[in-house]
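The values are calculated or read from the model by the stated rules, or taken from the named source; none is laboratory data. What you are looking at is a predicted structure, and each value in this text was computed from that prediction instead of being measured. Glycine gets a Cβ as well: all are built from the backbone with ideal geometry, and neighbour counts include every protein chain shown. Just so you know, the surface numbers come from the protein's heavy atoms only, side chains and all, with ligands and any DNA or RNA stripped out. Shrake-Rupley method; radii C 1.70, N 1.55, O 1.52, S 1.80 Å.
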Amino acid sequence: MKINYFRKQSGKRTTIILPDSICELWFTTRPPVSESCARQALCELLEQLDDPKAGTTFQSQAEHVILGDIRAYQNRLLASNDELKCRVIDWVKSTLPCITPPTSQALEILEELDKLKLVPWEVIEKFDSLEEQRWK
């Protein structure tokens with residue numbers, strides 16, 4: 001993703017191309033908004049950065065800050081098991097109108113929810129591997 005913005009501290013105009021995989025992960029840590037609002041939020045994060053220290057590129061500094069933001073979000077979720085549990089339950093509840101009629105009894109609902117286990121899915125942890133892939 002190509003992003004143009006001004007760095008607030010130095011007033012320099014900057015254009016940066018960030019890997020889509022990192023941007024997509026970062027966008028998932030935000031409340032759902034339009035793409036333009038999400039891009040603006042990413043610009044605001046990057047505007048806070050200034051010239052990197054010697055031996056570090058601005059690209060690596062920007063990616064490091066974004067990955068740090070993603071990790072912070074992950075840590076907040078893991079620190080609050082109840083919140084994470086409630087999010088999962090809310091998601092499951094949102095699927096109920098699609099898979100069961102309103103007149104279903106509890107047992108019928110549980111049977112339908114049990115069928116969700118048959119849906120193939122895969123979870124891939126990329127928080128550490130993204131940075132490793134980038135710097136290899």
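Details
- Lysine pairs in the chain with Cα atoms under 24 Å, if 8 or more residues apart or on separate chains: 15
- Lys, Arg +1 and Asp, Glu -1 on Cβ, resulting dipole of the range 1-49 about Cα centre, debye, nearest 20: 280
- Solvent-accessible heavy-atom area per residue, rounded to whole Å², over the chain at 1.4 Å: 72
- Surrounding net charge for residue 27, when Lys and Arg each add one and Asp and Glu each subtract one, Cβ distance under 12 Å: -2
- Taking the range 1-59 and dividing mean pair separation by its residue count, relative contact order in percent (alpha carbons under 8 Å, at least six apart): 41
- Whole-percent carbon and sulfur share, accessible surface of the chain, 1.4 Å: 58
- Largest first, the three principal axis extents of the alpha carbons in the chain are 64, 31, 25 Å in whole numbers.
- Charge dipole (debye, nearest 20) of the chain; +1 at Cβ of Lys and Arg, -1 at Cβ of Asp and Glu: 600
- Ordering 95, 72, 36 by Cα displacement along the dipole of the chain toward the positive end leaves 36 in first place; charges were set at the Cβ atoms of Lys, Arg (+1) and Asp, Glu (-1).
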